[in-house]
Amino acid sequence: MADDLHEVRRALRRAEDRKKKQAKRRDEDSGLTWQCFQTALCIGLLADYDMRAGAAWLESDHRGRGWRQDDVEVDDVLIRLRNTFLESDLDALDDLRDPERTPLPSSAFACAARFAEEYKLGRWVRAQNLAGASVRTPCLIAEFQKKLQSKPPPVQLRSVPQTENSTGRNWAFRWRRSQGGVFGKIRTQEPITTAESRDKDRGCVAEGHV
């Protein structure tokens with residue numbers, strides 16, 4: 001009987017220890033793991049302090065919905081990211097976005113750097129769409145290369161798309177999917193006015209596409 005009681009107490013202590021360790025590994029308000037939340041925060045910092053970028057990463061297709069608790073929505077996480085940014089020590093934020101001092105694993109930081117750059121490219125494309133212009137793949141890749149050269153990311157991206165081969169086109173296709181983009185069609189049997197073409201571009205943006 002005494003041995004059984006001892007084993008029960010040990011099991012309870014182990015369960016309590018696991019609960020405490022899990023609490024340390026998770027952000028209580030958002031329900032995200034510590035690394036996941038910090039990666040999203042880092043993306044927001046690298047995307048010119050736009051915390052929507054971190055929320056967009058969480059919503060991206062390749063991540064699925066495994067990070068989300070039943071009662072937590074992405075808008076709740078966005079609020080948590082913004083509050084953390086406003087309330088955090090500046091030195092801690094600087095460390096998070098510095099590849100030499102960040103507490104994130106190198107693979108997570110590299111992921112954050114790439115997504116932040118691609119998110120900023122998405123903002124540029126959206127501005128072009130709102131002005132009534134569509135962005136073809138060669139122009140998209142050229143603009144991405146230009147941005148990387150004018151303001152290099154904190155770490156070198158694993159690969160940069162090129163216009164001379166199919167790799168660049170495949171990258172553009174994946175990028176459009178990650179940004180919610182669609183491919184539109186315009187009739188070619190008869191002339192189409194510039195105004196009608198621009199209306200189609202603006203319509204895509206109004207639906208949240210690029």
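What to note about this one:
- The range 81-108, residues that are in contact with a helix residue (DSSP H, G or I) (Cβ under 8 Å, 6 or more places away or on another chain), of a type outside the set (D, E, K, R) and more than 21 Å from Arg174 (Cβ to Cβ): Leu81, Thr84, Phe85, Leu93, Leu96, Pro99, Thr102, Pro103, Leu104, Pro105
- Selection of the range 43-80 for residues being more than 19 Å from Pro153 (Cα to Cα), modelled with pLDDT of 85 or more and touching a Cys at 6+ places or on another chain (Cβ under 8 Å) yields only Leu58.
The values are calculated or read from the model by the stated rules, or taken from the named source; none is laboratory data. Everything numeric in this text was worked out from a predicted model, so none of it was measured. So basically every Cβ, Gly included, is an ideal-geometry build from the backbone, and we count neighbours across all protein chains shown.
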